[in-house]
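The values are calculated or read from the model by the stated rules, or taken from the named source; none is laboratory data. Model, not experiment: these values are computed from the prediction. Quick reminder, even Gly has a Cβ in these numbers, built from the backbone with ideal geometry, and neighbours come from all protein chains shown. Just the protein is used for accessible areas: all its heavy atoms, side chains included, with ligands, DNA and RNA removed. Shrake-Rupley method; radii C 1.70, N 1.55, O 1.52, S 1.80 Å.
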Amino acid sequence: MTFTYNAEKNFLESKTFLITGASDGIGKTCARTYADYGATVILLGRDQKKLEQVYDEIEQSHPGKVIIHPIDFKTASLEDFKLLADSLNEQFECLDGLIHNAALLGARTPIEFYPAQEWADVMQVNVNAVFQLTQALLPALTKSADARMLFISSSVGRIGRSFWGAYAVSKFALEGLMQTLADEVENTTAIRVNSLNPGGTRTNMRRDAFPAENPETLPTAESLMPVYLYLMSKEAQSIHGQALNVRDFKAL
Ligand code: NAP
(Lines give C-alpha, C1' and ligand atoms only; values in the text may rest on other atoms or scores of the structure.)
Protein backbone atom coordinates (compact mmCIF):
# COMPACT_ATOMS: atom_id res chain seq x y z
CA MET A 1 0.00 0.00 0.00
CA THR A 2 1.30 3.48 -0.84
CA PHE A 3 2.59 5.48 2.10
CA THR A 4 0.65 8.65 2.70
CA TYR A 5 1.51 11.34 5.19
CA ASN A 6 -1.02 14.02 5.93
CA ALA A 7 1.41 16.76 6.74
CA GLU A 8 -0.06 19.87 8.30
CA LYS A 9 0.13 22.94 6.08
CA ASN A 10 3.32 24.90 6.83
CA PHE A 11 4.54 22.39 9.44
CA LEU A 12 8.12 23.25 8.42
CA GLU A 13 7.50 27.00 8.70
CA SER A 14 10.33 27.89 11.07
CA LYS A 15 12.81 25.35 9.68
CA THR A 16 15.88 25.81 7.52
CA PHE A 17 16.98 22.85 5.40
CA LEU A 18 19.99 22.39 3.16
CA ILE A 19 19.65 19.97 0.25
CA THR A 20 22.63 18.92 -1.85
CA GLY A 21 22.14 18.03 -5.50
CA ALA A 22 19.06 20.25 -5.53
CA SER A 23 19.44 21.19 -9.19
CA ASP A 24 17.79 18.04 -10.51
CA GLY A 25 16.04 14.76 -9.82
CA ILE A 26 15.01 13.79 -6.31
CA GLY A 27 16.93 16.67 -4.67
CA LYS A 28 15.09 19.27 -6.72
CA THR A 29 11.71 17.75 -5.88
CA CYS A 30 12.69 17.47 -2.23
CA ALA A 31 13.66 21.17 -2.08
CA ARG A 32 10.37 22.22 -3.70
CA THR A 33 8.37 19.99 -1.37
CA TYR A 34 10.01 21.24 1.83
CA ALA A 35 9.47 24.83 0.63
CA ASP A 36 5.81 24.01 -0.10
CA TYR A 37 5.45 23.07 3.57
CA GLY A 38 7.00 26.29 4.81
CA ALA A 39 10.73 25.56 5.11
CA THR A 40 13.47 27.91 4.02
CA VAL A 41 15.62 25.88 1.65
CA ILE A 42 19.30 26.21 0.81
CA LEU A 43 20.05 24.59 -2.53
CA LEU A 44 23.50 23.20 -3.28
CA GLY A 45 24.57 22.00 -6.71
CA ARG A 46 27.37 22.31 -9.21
CA ASP A 47 25.45 23.94 -12.08
CA GLN A 48 24.56 27.56 -11.38
CA LYS A 49 22.09 27.84 -14.28
CA LYS A 50 20.12 24.78 -13.20
CA LEU A 51 20.13 25.97 -9.59
CA GLU A 52 18.85 29.38 -10.69
CA GLN A 53 15.92 27.73 -12.48
CA VAL A 54 14.94 25.90 -9.29
CA TYR A 55 15.50 29.10 -7.33
CA ASP A 56 13.14 31.07 -9.64
CA GLU A 57 10.47 28.44 -9.34
CA ILE A 58 10.54 28.31 -5.53
CA GLU A 59 11.02 32.07 -5.12
CA GLN A 60 7.92 32.70 -7.22
CA SER A 61 5.66 30.64 -4.96
CA HIS A 62 7.54 31.20 -1.68
CA PRO A 63 9.31 34.57 -1.81
CA GLY A 64 12.33 34.94 0.46
CA LYS A 65 12.41 31.23 1.34
CA VAL A 66 15.17 30.00 -0.95
CA ILE A 67 18.86 30.60 -1.43
CA ILE A 68 21.32 28.89 -3.75
CA HIS A 69 24.95 28.07 -3.22
CA PRO A 70 26.75 26.68 -6.27
CA ILE A 71 29.56 24.32 -5.30
CA ASP A 72 31.17 21.43 -7.16
CA PHE A 73 31.88 18.57 -4.76
CA LYS A 74 34.52 17.21 -7.11
CA THR A 75 36.76 20.25 -6.69
CA ALA A 76 35.51 21.91 -3.47
CA SER A 77 38.15 22.48 -0.79
CA LEU A 78 37.81 22.49 2.99
CA GLU A 79 37.95 26.28 2.78
CA ASP A 80 34.90 26.29 0.45
CA PHE A 81 32.89 24.31 2.99
CA LYS A 82 34.05 26.61 5.79
CA LEU A 83 32.98 29.68 3.77
CA LEU A 84 29.59 28.09 3.20
CA ALA A 85 29.19 27.40 6.94
CA ASP A 86 30.25 30.97 7.80
CA SER A 87 27.80 32.44 5.33
CA LEU A 88 24.94 30.30 6.71
CA ASN A 89 25.87 31.24 10.29
CA GLU A 90 25.50 34.89 9.34
CA GLN A 91 22.08 34.37 7.79
CA PHE A 92 20.46 31.75 10.04
CA GLU A 93 20.33 31.00 13.74
CA CYS A 94 20.71 27.29 13.13
CA LEU A 95 20.24 24.56 10.55
CA ASP A 96 17.34 22.12 11.06
CA GLY A 97 17.97 19.67 8.26
CA LEU A 98 20.76 18.44 6.01
CA ILE A 99 19.84 16.16 3.12
CA HIS A 100 22.96 14.58 1.63
CA ASN A 101 21.43 13.83 -1.75
CA ALA A 102 24.02 14.77 -4.43
CA ALA A 103 25.81 11.81 -5.97
CA LEU A 104 27.79 10.73 -8.99
CA LEU A 105 27.03 7.39 -10.63
CA GLY A 106 30.45 6.79 -12.17
CA ALA A 107 31.39 3.87 -14.37
CA ARG A 108 29.40 0.65 -14.29
CA THR A 109 32.16 -1.82 -14.96
CA PRO A 110 33.94 -4.70 -13.19
CA ILE A 111 36.33 -3.73 -10.38
CA GLU A 112 39.14 -5.28 -12.45
CA PHE A 113 38.74 -2.60 -15.12
CA TYR A 114 37.39 0.31 -13.05
CA PRO A 115 39.24 3.53 -14.07
CA ALA A 116 41.22 4.76 -11.03
CA GLN A 117 40.54 8.46 -11.65
CA GLU A 118 36.81 7.86 -11.92
CA TRP A 119 36.95 5.85 -8.70
CA ALA A 120 38.63 8.81 -6.96
CA ASP A 121 36.05 11.27 -8.37
CA VAL A 122 33.09 9.21 -7.18
CA MET A 123 34.63 8.86 -3.72
CA GLN A 124 35.32 12.59 -3.64
CA VAL A 125 31.74 13.59 -4.53
CA ASN A 126 29.84 10.81 -2.76
CA VAL A 127 31.93 10.41 0.41
CA ASN A 128 34.71 12.94 1.08
CA ALA A 129 32.60 16.00 0.27
CA VAL A 130 29.75 14.58 2.36
CA PHE A 131 32.11 14.16 5.33
CA GLN A 132 33.51 17.68 4.89
CA LEU A 133 30.08 19.27 4.55
CA THR A 134 28.83 17.35 7.59
CA GLN A 135 31.81 18.50 9.64
CA ALA A 136 31.38 22.13 8.57
CA LEU A 137 27.65 22.19 9.35
CA LEU A 138 27.53 20.17 12.58
CA PRO A 139 27.83 23.29 14.78
CA ALA A 140 24.80 24.87 13.05
CA LEU A 141 22.82 21.62 13.31
CA THR A 142 23.74 21.27 16.97
CA LYS A 143 22.10 24.65 17.65
CA SER A 144 18.73 23.37 16.41
CA ALA A 145 16.20 22.07 18.95
CA ASP A 146 15.27 19.28 16.50
CA ALA A 147 17.56 18.63 13.54
CA ARG A 148 17.47 15.86 10.97
CA MET A 149 20.22 14.53 8.74
CA LEU A 150 19.53 12.12 5.90
CA PHE A 151 22.22 10.31 3.94
CA ILE A 152 20.65 9.28 0.64
CA SER A 153 21.79 5.74 0.01
CA SER A 154 21.02 2.94 -2.42
CA SER A 155 20.25 -0.77 -2.38
CA VAL A 156 23.79 -1.36 -3.75
CA GLY A 157 25.14 0.41 -0.66
CA ARG A 158 23.66 -2.31 1.51
CA ILE A 159 24.29 -5.45 -0.52
CA GLY A 160 27.11 -5.34 -3.06
CA ARG A 161 26.25 -5.98 -6.70
CA SER A 162 28.58 -6.61 -9.62
CA PHE A 163 29.58 -3.70 -11.87
CA TRP A 164 28.32 -0.98 -9.50
CA GLY A 165 31.95 -0.27 -8.53
CA ALA A 166 32.76 3.00 -6.76
CA TYR A 167 29.10 4.06 -6.54
CA ALA A 168 28.21 0.97 -4.48
CA VAL A 169 31.33 1.28 -2.32
CA SER A 170 30.65 5.00 -1.74
CA LYS A 171 27.12 4.24 -0.53
CA PHE A 172 28.48 1.56 1.85
CA ALA A 173 30.79 4.28 3.18
CA LEU A 174 27.82 6.62 3.73
CA GLU A 175 26.07 3.93 5.73
CA GLY A 176 29.18 3.68 7.93
CA LEU A 177 29.36 7.46 8.29
CA MET A 178 25.67 7.55 9.21
CA GLN A 179 26.02 4.85 11.88
CA THR A 180 29.18 6.34 13.38
CA LEU A 181 27.76 9.86 13.51
CA ALA A 182 24.38 8.67 14.82
CA ASP A 183 26.12 6.97 17.73
CA GLU A 184 28.25 10.06 18.43
CA VAL A 185 25.43 12.61 18.49
CA GLU A 186 22.64 10.49 19.99
CA ASN A 187 23.00 11.58 23.62
CA THR A 188 24.63 14.96 23.21
CA THR A 189 22.54 16.69 20.54
CA ALA A 190 19.01 16.83 19.12
CA ILE A 191 20.24 15.71 15.71
CA ARG A 192 18.57 12.56 14.36
CA VAL A 193 20.65 10.84 11.69
CA ASN A 194 19.48 8.17 9.23
CA SER A 195 20.15 6.87 5.75
CA LEU A 196 17.39 6.50 3.17
CA ASN A 197 17.30 4.41 0.02
CA PRO A 198 14.79 6.02 -2.37
CA GLY A 199 14.65 2.92 -4.59
CA GLY A 200 14.52 3.03 -8.39
CA THR A 201 13.16 6.46 -9.34
CA ARG A 202 12.52 8.23 -12.65
CA THR A 203 15.57 10.54 -12.85
CA ASN A 204 18.58 11.17 -15.10
CA MET A 205 20.79 9.03 -12.89
CA ARG A 206 18.47 6.05 -13.20
CA ARG A 207 18.26 6.56 -16.97
CA ASP A 208 22.08 6.59 -17.17
CA ALA A 209 22.27 3.40 -15.10
CA PHE A 210 19.51 1.60 -17.02
CA PRO A 211 19.32 3.15 -20.50
CA ALA A 212 17.07 0.39 -21.88
CA GLU A 213 14.46 0.74 -19.14
CA ASN A 214 11.14 2.46 -19.83
CA PRO A 215 11.09 5.41 -17.37
CA GLU A 216 7.29 5.35 -17.35
CA THR A 217 7.45 2.11 -15.33
CA LEU A 218 9.28 3.86 -12.46
CA PRO A 219 7.95 5.88 -9.54
CA THR A 220 8.43 9.62 -9.86
CA ALA A 221 10.44 11.69 -7.39
CA GLU A 222 7.14 13.32 -6.33
CA SER A 223 5.78 9.94 -5.23
CA LEU A 224 8.61 9.58 -2.67
CA MET A 225 7.86 12.88 -0.96
CA PRO A 226 5.42 11.65 1.71
CA VAL A 227 8.35 9.68 3.19
CA TYR A 228 10.77 12.62 2.84
CA LEU A 229 8.21 14.84 4.62
CA TYR A 230 7.42 12.29 7.33
CA LEU A 231 11.11 11.93 8.20
CA MET A 232 11.22 15.68 8.97
CA SER A 233 8.13 15.53 11.18
CA LYS A 234 7.74 15.38 14.96
CA GLU A 235 6.27 11.87 14.59
CA ALA A 236 9.58 10.64 13.18
CA GLN A 237 11.70 12.18 15.93
CA SER A 238 12.58 8.83 17.50
CA ILE A 239 13.92 7.34 14.24
CA HIS A 240 17.70 7.44 14.57
CA GLY A 241 20.67 5.48 13.30
CA GLN A 242 18.54 3.48 10.86
CA ALA A 243 19.09 2.35 7.28
CA LEU A 244 15.65 3.13 5.85
CA ASN A 245 14.00 2.24 2.53
CA VAL A 246 11.24 4.36 1.01
CA ARG A 247 9.50 1.15 -0.14
CA ASP A 248 9.30 -0.18 3.45
CA PHE A 249 7.08 2.66 4.59
CA LYS A 250 3.51 1.52 4.91
CA ALA A 251 0.43 3.71 5.23
CA LEU A 252 0.21 5.23 8.71
P1 NAP B 1 20.27 12.98 -10.43
O2 NAP B 1 18.97 13.30 -11.06
O3 NAP B 1 21.44 12.60 -11.26
O4 NAP B 1 20.66 14.20 -9.47
C5 NAP B 1 21.88 14.19 -8.78
C6 NAP B 1 22.14 15.55 -8.23
O7 NAP B 1 23.49 15.57 -7.69
C8 NAP B 1 22.08 16.64 -9.31
O9 NAP B 1 21.56 17.83 -8.74
C10 NAP B 1 23.55 16.80 -9.66
O11 NAP B 1 23.89 18.05 -10.24
C12 NAP B 1 24.18 16.66 -8.28
N13 NAP B 1 25.62 16.43 -8.41
C14 NAP B 1 26.25 15.49 -9.14
N15 NAP B 1 27.58 15.65 -9.08
C16 NAP B 1 27.80 16.74 -8.29
C17 NAP B 1 28.95 17.43 -7.88
N18 NAP B 1 30.17 17.09 -8.31
N19 NAP B 1 28.82 18.50 -7.07
C20 NAP B 1 27.59 18.91 -6.66
N21 NAP B 1 26.44 18.30 -7.03
C22 NAP B 1 26.55 17.24 -7.85
O23 NAP B 1 20.11 11.77 -9.39
P24 NAP B 1 18.87 11.26 -8.52
O25 NAP B 1 18.40 10.02 -9.14
O26 NAP B 1 17.93 12.37 -8.23
O27 NAP B 1 19.66 10.83 -7.19
C28 NAP B 1 19.50 11.48 -5.95
C29 NAP B 1 20.06 10.57 -4.87
O30 NAP B 1 19.29 9.36 -4.82
C31 NAP B 1 21.50 10.15 -5.11
O32 NAP B 1 22.18 10.11 -3.88
C33 NAP B 1 21.37 8.74 -5.67
O34 NAP B 1 22.52 7.98 -5.41
C35 NAP B 1 20.16 8.25 -4.90
N36 NAP B 1 19.46 7.13 -5.55
C37 NAP B 1 18.77 7.32 -6.71
C38 NAP B 1 18.09 6.26 -7.28
C39 NAP B 1 17.30 6.41 -8.55
O40 NAP B 1 16.77 5.40 -9.08
N41 NAP B 1 17.16 7.60 -9.10
C42 NAP B 1 18.11 5.00 -6.67
C43 NAP B 1 18.81 4.83 -5.48
C44 NAP B 1 19.49 5.91 -4.94
P45 NAP B 1 23.67 18.31 -11.83
O46 NAP B 1 22.27 18.82 -11.94
O47 NAP B 1 24.69 19.35 -12.15
O48 NAP B 1 23.90 17.01 -12.54
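Give the peptides 8-21, 110-123, 90-103 in descending order of average Cβ contacts within 10 Å, highest first. Spell out each step's value before the answer.
Working: 8-21: 19.3, 110-123: 13.4, 90-103: 20.8.
Going by the mean number of other Cβ atoms within 10 Å, highest first, we get 90-103, 8-21, 110-123.
Working ranking of peptides 34-40, 156-162, 44-50 by packing, defined as the average number of other Cβ atoms within 10 Å per residue, highest first, is 34-40, 44-50, 156-162. Binning the alpha carbon pair distances of region 138-226 at 5 angstrom intervals from zero yields the distribution 3, 13, 18, 18, 17, 14, 9, 5, 2, 0, expressed in whole percent.
Close amide-amide hydrogen proximity is noted between residue 148 and 97, 98, 192, each under 5 Å apart and 5 or more residues distant or on a separate chain (H modeled in the peptide plane; Pro and chain starts excluded). Run the simple label-point estimate for residue 111 and residue 187 please: 7 Å along Cα→C-beta, distance reported in nm. Output for this residue pair reads 3.7 nm. Solvent-accessible area of the chain (1.4 angstrom probe, protein heavy atoms only): carbon and sulfur portion equals 51 percent. Projected label points at residue 8 and residue 233, each 7 Å from Cα along the beta carbon direction, are separated by 1.1 nanometres. The distance from the alpha carbon centre of region 174-252 to that of region 123-153 is 15 Å, rounded to a whole number. Here's the list of lysines a cross-link from residue 171 could span, going by alpha-carbon distance under 18 Å and ignoring same-chain residues fewer than 8 apart: 74. Subtracting the Cα-Cα distance of residue 89 and residue 61 from 0.36 nm times their residue separation leaves 7.5 nm of extension gain.
Distance between Cα centroids, region 97-120 to region 6-54: provide it in whole Å. Spelled out, the Cα-based centre of one part sits 24 Å from the other.
Solvent exposure of the chain amounts to 48 Å² per residue of accessible area, where only protein heavy atoms count and the probe is 1.4 Å. On the basis of the beta-carbon distance and an R0 of 22 Å, residue 75 and residue 53 show a calculated FRET efficiency of 0.50. Separation of the alpha carbons by more than 18 angstrom is noted, of 28/65; 15/65; 15/143; 15/49; 9/65, for 15/49. In terms of packing, defined here as the mean over residues of other Cβ atoms within 10 angstrom, the peptides 139-149, 167-177, 78-88 line up highest first as 167-177, 139-149, 78-88.
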